[in-house]
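A.B. asks: A single structure is presented below for examination.
The values are calculated or read from the model by the stated rules, or taken from the named source; none is laboratory data. Given the structure is predicted, the values throughout are model-derived calculations rather than measurements. Quick reminder, even Gly has a Cβ in these numbers, built from the backbone with ideal geometry, and neighbours come from all protein chains shown.
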Amino acid sequence: MLISAVVGAICSSAGAQSEVQLRIAARRVATGGTEVAVQPYEGGSHWGDRVLPAERFLSDDVEIGRWRYSSPVAVQTLAGEQWVRIAARRVAAGGTEVALQQLGEGVGWGSRMLPTRRFLSDDVETGRWRSSSPLTVSPPPVQFSPPDIGEPPADGEEGTPRGLITPRGVPVAVLGRVGSGYLVRTPCGNTAEVSAGQPIYGAQIVIDPGHGGWWDTGAVGPNGLVERDLNLTLSRAIQEELAARDISAVLARTGSYGSLLSVRAAFADALGADAIVSVHHNAPTGRISGTPGTEVYVQSVSRSEPQADSARLGGLLYEEITTALSAFPNIRWGRHADAGVLRVLLPDGHDAYGMIRRPNVPAVLIEYGFLSNPSEAALFATDGYISVASKATADAIEAYLNTDRLGTGFISRPRVFNPARAPSRCEEVTLE
Ligand SMILES: [Zn+2]
């Protein structure tokens, strides 16, 4: 059986039965080693089926004391879908210790949660599952493991990270250390002190889900789909696609809250990103066409000259995204005559859009399609769209980072346009 490591200790989650959601199952296997799984609490005295991660076996001859991790697995709980993974390690006294980690939204893996009963002895009956004591899986705030975004400076000490995911999951730029905590730039451009969080030492890509806050929803589709939320859903999927390719990406916004464009741009600059990619869906609809009306806006160095890296990334994004979206059958696409990789300039010759003009790092802004168009809005509400669009975006970013490809779709003549100013309204969110 699983033996309590803390004999006589009072389980801190006792009494919180309605919140108890997961436990770890473990068993000895005939070939030696331990197999692990996770079980969701289903209410009453019911525990759901064991969910088996693809990688779930811990050999007996691994280094003692070092945690190993199962592959991530999605578990349906009373509070909705949670991504978790199981940590396991061999202990010096013999046997295996298990723990659970929860994936926070946009914030990576939380700290290892240790059930009170969490040790599996080696001499238990082979093949029979044993259960840990229950664990409460909670939404953020989350206590974080040691940093796993970017590398700390080589001098050995932690130093000051460039950014931070706060305990509430809000990404912020770090301005300096304050005692054992951090001075950070808030989403609304103020400074605040934060006591803890997941340090970010750098990121290759910053993904900016366009819009945010109740006052800035972006476009709203005829089916009620809100651009602010669609952009975030797609951005998260892009981040996951990039992570699967070992490309570090951080979101500039991780919830429905709003943040200033200047703050988002400065965040990408602070992280020293290779690019910031702003994710949008367009309105109002252009003419109806048989081919996607994707537009990708890129940076200028002068009235006549695009910024080379921004333009190359834009070309790759346009090529991959339009190719991928074209495979969806029977869509009536909105499309402007000059759709493509574009520079949009103010009459004074500067880039018109704040998310293009403000970052010092290479920046692009993608309008994947027209949310105002019923045919496209219906498509954008599907998992198939999120999957295809995120893969195409990641393909382009991967090619930008790892090849010299230039992409296609450049429109040489800039569009001259004075867009509506981004809202200056901003309401701060709780950081911890
Ligand atoms: Zn937008």
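A.B. asks: Examine the range 214-225 for a residue that is within 19 Å of the chain's Cα centre (by Cα) and either surrounded by 17 or more Cβ atoms within 10 Å (Cβ to Cβ) or not aromatic (Phe, Trp, Tyr) (or both), and state whether such a residue exists.
C.D. replies: No - not one qualifying residue is present in the range 214-225.
A.B. asks: For the range 364-393, give me each residue that is farther than 12 Å from Leu225 by Cβ, polar (S, T, N, Q) and within 13 Å of the ligand (Cβ to nearest atom).
C.D. replies: Scanning the range 364-393 gives no hits.
A.B. asks: Quickly run through the range 260-284 and pick out the residues that are over 15 Å from Ala363 (Cβ atoms) and either outside the structural domain of Ile366 (by TED's automatic domain parsing) or within 14 Å of the ligand (Cβ to nearest atom) (or both).
C.D. replies: The first filter runs over the range 260-284 and keeps only residues over 15 Å from Ala363 (Cβ atoms), leaving 260, 281-284.
If the condition is that a residue be over 15 Å from Ala363 (Cβ atoms) and either outside the structural domain of Ile366 (by TED's automatic domain parsing) or within 14 Å of the ligand (Cβ to nearest atom) (or both), then His281, Asn282, Ala283, Pro284 are the ones that fit.
A.B. asks: Quick check on my filter: what residues within the range 269-288 are in a strand (DSSP E or B) and aliphatic (A, V, I, L, M)?
C.D. replies: Within the range 269-288, Ala275, Ile276, Val277, Val279, Ile288 meet the criteria.
A.B. asks: Give the range 368-389 a look and list any residue that's under 17 Å from Pro209 (Cβ atoms) and either outside the structural domain of Pro209 (by TED's automatic domain parsing) or buried (at least 24 other Cβ atoms within 10 Å of the Cβ) (or both), or say none.
C.D. replies: Tyr368, Gly369, Leu371, Ala389 - these are the residues of the range 368-389 that are under 17 Å from Pro209 (Cβ atoms) and either outside the structural domain of Pro209 (by TED's automatic domain parsing) or buried (at least 24 other Cβ atoms within 10 Å of the Cβ) (or both).
A.B. asks: Which residues, counting only those in the range 7-55, are in a loop (DSSP other than H, G, I, E, B), surrounded by 11 or more Cβ atoms within 10 Å (Cβ to Cβ), aliphatic (A, V, I, L, M) and at pLDDT below 85?
C.D. replies: Ala14, Ala16
A.B. asks: Which of (1) modelled with pLDDT of 95 or more; (2) surrounded by fewer than 22 Cβ atoms within 10 Å (Cβ to Cβ); (3) in a loop (DSSP other than H, G, I, E, B) is the odd one out, the single condition Ala266 does not satisfy?
C.D. replies: Result: Ala266 passes all but (3).
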